[in-house]
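Reviewing the structure listed below.
Bear in mind that the values in this text are calculations on the coordinates, not laboratory data. Bear in mind the structure is a predicted one, so any value in this text is a computation, not a measurement. Cβ coordinates were reconstructed from backbone atoms using ideal geometry, including for glycine residues, and neighbour counts include every protein chain displayed.
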Amino acid sequence: MPEEKQISGWRKRFLANRMTFESILFEKELVVQKKESLYAGLAGAFAIALFAALLLAQWILRQGYFFSAGDAAGFRMAFNCLDHFRSGGIWNLFKPLSSGFGAPSIPPLYYLTYVPVLKFITADLNWAMILVNTFYLSGLSLALFIAVRKNRNNKSAWLASGFAMAMPFIVETARHPDHRLATMALAAAAYAAYINSEDFEYPSWNLWFGVFFGLGFFADTMFWIYMLPLVPFLISGLFNQLAGASILKGLVPGAVLALPWYIFAAASWALQYSSGNAAQKVFRPGLWLYLVNISSAAGLPLFLLGASALLWMYFSVFMPYSSRKIVAAWFWVPFVLVYFVFGARPEYLYPALLPLAMAVAVMTPGKVRGYLTGLAVFFLLVNQSGLAAPISLGRARVAGGPRPSKAEYRVAELMADLKSGISVEKIYAVALVGEDENFNHVSFNYLASKTGAAALKFSVYQPETLGLADLVVYKTGAFNTPRNDVSAALAREIYRPWFAGAFSQAASFDLPDTSRLVIYARNPVSAPPFHDGRHQFKKMNLGGLLMDEGSLTLSGFDPAKGLYAKAKLFSPYATFADFDIYGLNLEISDFSGISETGAISDIRLTRAGTVRILSAKVTNYAFERYLSARYAGLKAPEVRLAGTARIYGASNGRQVYGEFSLSAGPKVLELSLIDFAYDNYRLPGFMRTVFNFKYDLSGLPCEILFDRIKLENQMLEIS
């Protein structure tokens, strides 16, 4: 009673009025209905997810095999996981997958889900993505259902699932190979397990909580911000003898899988930090723009409904949802962190927008639940079908969503023009000039393989190697102006005299965005550009290889092919990618070039079959200069090359030592860590095996061949 006396009279009246109002709204919820079937409820939640998956599938199939650069990177990660699994079996799950000479920025759980689908069900990327993302959509829908049903009925829980599926960001994320879909599903599952465990009172739910909590960190490095509200309860549960054992049993699988990856990634992050690339200023927009971006992701009407319901749920007094405070914290803790720490990027907040759906389901009275369910179905169709273009109020999206973008680039016409001039008996190298998020070479390679044009190989080219392409596809700037973005240097080559001598325009057509697609085909060559024999030069830039005082020996010109059968290149000193090379000897088959001035020193490489390295040496001093320039945090680096590569240096006043082995396989270089020490700390042996880096040489514009590579006499020698 002393507490009641401390409450002012106006507040008592306000609480009483609220209690009366809420009791009128929710009076039917007090009536005990016959026991509802959990299995029927789960089936309904699964049906909701399946309906969303059908909308997802039709959008993906309409888009076809034309995906963005981000999607291309995701699919490449999935295939890398498949190759990783094939090379070492299930044990490779515990061995991190390297990306070149670095670490992937995303934990691989989501992409590992593709492995059984690609291996046993289908090799088609779009169908694999539909199946994988349907799995995660189903998990998300079931998790929200289970979380709400704890204190409500099946119909309320179905509303939570349907409302979530109607929010645009859910299915829009599922249209791509995006790991955040797994993050959302695992975050929802972890909260559902915690809510049903009643503060870790039930061991079976504790076990499932541990499983989802641990796997979440194997899916996303950002998973911790969504779990922060649960940390105090988790710590308390772990120190409870009964609850702690069941939680730990669930945590172990995720920890065993994630720990090697985080050790591997930590080394990559440390290298980024020492190179000075990690310290970037975070741009943070205004709070209003942050809210606009979030409301657009969730759909403005659904966001306003969800936010209002979440606020009401937190302060509700009649039949309060038992976990209302933890559900509210699931939203506002990441909301604050993402804004102040992570630059207010709305995609980081996606898993924290799920409480909006839960709040709407909890706080919707039975009398209006049917109407709100109908509204959710309406928005599900409008937002996720891809039939309605985005409708906005100011900057915030009200409804609708992006449509498949293939038609915007006239892809069918482009592929038809390219196929019309090729023969299936050879491979044609195609350069894309003006790549953007949707217009990218990886997407075109997959599209070519699916449309009977597997002879077309789209690749990345530098300005120095553009002449190696058989076909060039140039996407101009707006209104047919030259590009002035990251591809400007490559685009400038098209307007140079050498390009006009090597290529001619074959076709062009305008795009809806006012740019133009122009196709250039290689000109036939019948006369030798240079006579057979040895040609001396003082300086030459051949495909980015800068050489001094060398010679180029040409032989065996074939007028029918327009190629020299063989070219021998020698230079006592050359540089490539900031590395000094001594005693360079190359043998190039099927060679051709063109010179704007007629001088051999100005030759532009236009054809090269295979490039065999006969000899090349790189001294340890070149590696020391490279390390000094690349990693400012590594002081006074010293490199010793004798069988292995030993690196000595200092960082933050402490000594650093690393030893690596280098080996070469078919079209791949492999760098493996032998030993590492930082001051008095030595990396344990079982951790060293994690650091194995592979660099694929097959993606280069021409094939590179050599017989052996060795580290000897303070030199890297290739021969």
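Test of understanding: what is the full-extension gain from ASP578 to ASN523, defined as 0.36 nm times their sequence separation minus their Cα-Cα distance?
Working: separation 55, 0.36 × 55 = 19.80 nm, distance 3.35 nm.
Full extension of this stretch gives 16.5 nm more.
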Handout entry: Cross-link table LYS539/LYS694; LYS457/LYS538; LYS538/LYS566; LYS119/LYS667; LYS119/LYS155; LYS539/LYS617, entries beyond 29 Å C-alpha to C-alpha
Key = LYS539/LYS694; LYS457/LYS538; LYS119/LYS155
Problem - DSSP loop GluC sites (Glu not before Pro) with at most 16 other Cβ within 10 Å: longest gap in the chain - result: 202-424
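What is the sum of charges around GLY550, taking Lys and Arg as +1, Asp and Glu as -1, for the other residues whose C-beta is under 11 Å from the C-beta of GLY550? Please report the intermediate quantities before stating the final value.
On the way: positive: ARG534, LYS538, LYS539, LYS568; negative: ASP548, GLU549.
Neighbourhood net charge equals +2.
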Handout entry: Two-site label geometry, ASP696 and ASP532: point separation in nm, points 7 Å out along Cα→Cβ
Key = 4.0 nm
Practice task
Can you tell me what the convex hull of the Cα atoms of the range 460-501 projects to on average, as an area in nm²?
Solution key: 3.1 nm²
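Can you bin the range 620-718 into rounded, prolate or oblate? Criterion: square roots of the alpha carbon gyration tensor eigenvalues sorted a ≥ b ≥ c, rounded for a/c under 1.5, prolate for a/b above b/c, oblate for the rest.
Values: a/c = 1.99, a/b = 1.56, b/c = 1.27.
Cα axes put the range 620-718 in the prolate bin.
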Fill in the blank from the handout: With label points set 7 Å from each Cα along the Cα-to-Cβ direction at PHE479 and SER551, the distance between them in nm comes to 5.6 nm
Exercise for the section: List the extent of the Cα atoms of the range 129-266 along each of their three principal axes, largest first, rounded to whole Å. Expected result: 43, 41, 23
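If contacts are Cα pairs under 8 angstrom and at least 6 residues apart, what is the relative contact order of the chain in percent?
Numbers: 1296 pairs, mean separation 76.3, N = 719.
Relative CO of the chain lands at 11 percent.
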Handout entry: Only Lys, Arg (+1) and Asp, Glu (-1) charged, at Cβ; the range 326-479 dipole about Cα centre in debye
Key = 700 debye
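Evaluate E = 1/(1 + (r/R0)^6) for ASN153 and LEU289, where r is the Cβ-Cβ distance and R0 equals 35 Å; express this FRET efficiency to the nearest 0.05.
Values: r = 39 Å, r/R0 = 1.12.
Calculated value: 0.35.
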Exercise for the section: For the range 389-397, take each phi angle, set θ = phi - 60°, evaluate the Karplus expression 6.51 cos²θ - 1.76 cosθ + 1.60, and give the result in whole Hz per residue in order, putting x for glycine and proline. Expected result: 5, x, 10, 10, 10, x, 9, 8, 6
Exercise for the section: Give me the distance in nm between label points sitting 7 Å out from Cα along the Cα-to-Cβ direction at LEU38 and GLU638, one decimal. Expected result: 6.7 nm
Practice task
Can you grab the distance from the C-alpha centre of the range 234-269 to the C-alpha centre of the range 131-171, Å, no decimals?
Solution key: 27 Å
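Relative to the compact globular guide of 2.2 N^0.38 Å, what is the alpha carbon radius of gyration of the range 533-608, as a ratio?
Values: Rg = 12.0 Å, N = 76, 2.2 N^0.38 = 11.4 Å.
For the range 533-608, the normalised Cα radius of gyration is 1.06.
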Completion exercise
Among ALA416, GLY434, LEU511, the residue whose Cα sits farthest towards the positive end of the charge dipole of the range 407-522, when +1 is placed on the Cβ of each Lys and Arg and -1 on the Cβ of each Asp and Glu, is ALA416
Problem - Net +/- balance of residues flanking ARG76 in space, Cβ distance below 13 Å, scoring K and R +1, D and E -1 - result: -3
Handout entry: Dipole magnitude of the range 533-608 about its Cα centre (Cβ charges: Lys, Arg +1; Asp, Glu -1), debye to nearest 20
Key = 260 debye
Exercise for the section: Give, in whole angstrom and from largest to smallest, the semi-axes √(5λ) of the equivalent ellipsoid of the range 375-491, with λ running over the eigenvalues of the Cα gyration tensor. Expected result: 35, 20, 11
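Of all the stretches in the chain, which is the longest one without any exposed loop site, taking chymotrypsin sites (Phe, Trp or Tyr not before Pro) in a DSSP loop (any state but H, G, I, E, B) with at most 13 other Cβ atoms within 10 Å? Present the calculation step by step, with values, prior to reporting the outcome.
Working: sites that count: PHE101, PHE239, PHE283, TYR495.
It runs 496-719.
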Exercise for the section: First select every other residue whose beta carbon is under 14 angstrom from the beta carbon of TRP498; then total the charges, Lys and Arg +1, Asp and Glu -1. Expected result: +1
Completion exercise
So, for the Cα atoms of the chain, Rg and Dmax in Å stand at 30.6, 107
Exercise for the section: Taking amide H positions as placed in the peptide plane 1.01 Å from N, state which residues far from LYS561 in sequence (5 or more) or on other chains have amide H under 5 Å from it. Expected result: none
Problem - Charge dipole of the chain about the Cα centre (unit charges at C-beta), most positive-ward option of PHE218, PHE85, ALA478 - result: PHE218
Practice task
Tabulate in residue order the Karplus-calculated ³J(HN,Hα) for the range 333-347, using 6.51 cos²θ - 1.76 cosθ + 1.60 with θ = phi - 60°, rounded to whole Hz; enter x for Gly and Pro.
Solution key: 5, x, 4, 5, 5, 4, 5, 8, 10, 10, x, 6, 6, x, 5
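Looking at the range 421-485, which trypsin sites (Lys or Arg not before Pro) are in a loop (DSSP not H, G, I, E or B) and have at most 10 other Cβ atoms within 10 Å?
Numbers: sites: LYS426, LYS450, LYS457, LYS475, ARG483; in loops: LYS426, ARG483.
Filter output for the range 421-485: LYS426.
Work out how much length LEU669 to GLU425 would gain on full extension: take 0.36 nm times their residue separation and subtract the Cα-Cα distance, in nm to one decimal. The partial results should precede the final answer.
Working: separation 244, 0.36 × 244 = 87.84 nm, distance 3.02 nm.
Additional length available on full extension: 84.8 nm.
Quick one: in the range 307-359, what % of C-alpha pairs are over 17 Å apart? Mind dumping the intermediate values first?
On the way: 498 of 1378 pairs.
Value for the range 307-359 (Cα pairs over 17 Å): 36 percent.
Helix-derived [θ] at 222 nm for the chain: sum -39500 (n - 2.57) over DSSP H runs of at least 4, divide by residue count, nearest 500?
On the way: 24 runs with 320 residues, N = 719.
Result for the chain: -14000 deg cm²/dmol, rounded to the nearest 500.
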Handout entry: Between the range 620-658 and the range 337-393, the Cα center-to-center distance that results, in Å
Key = 52 Å
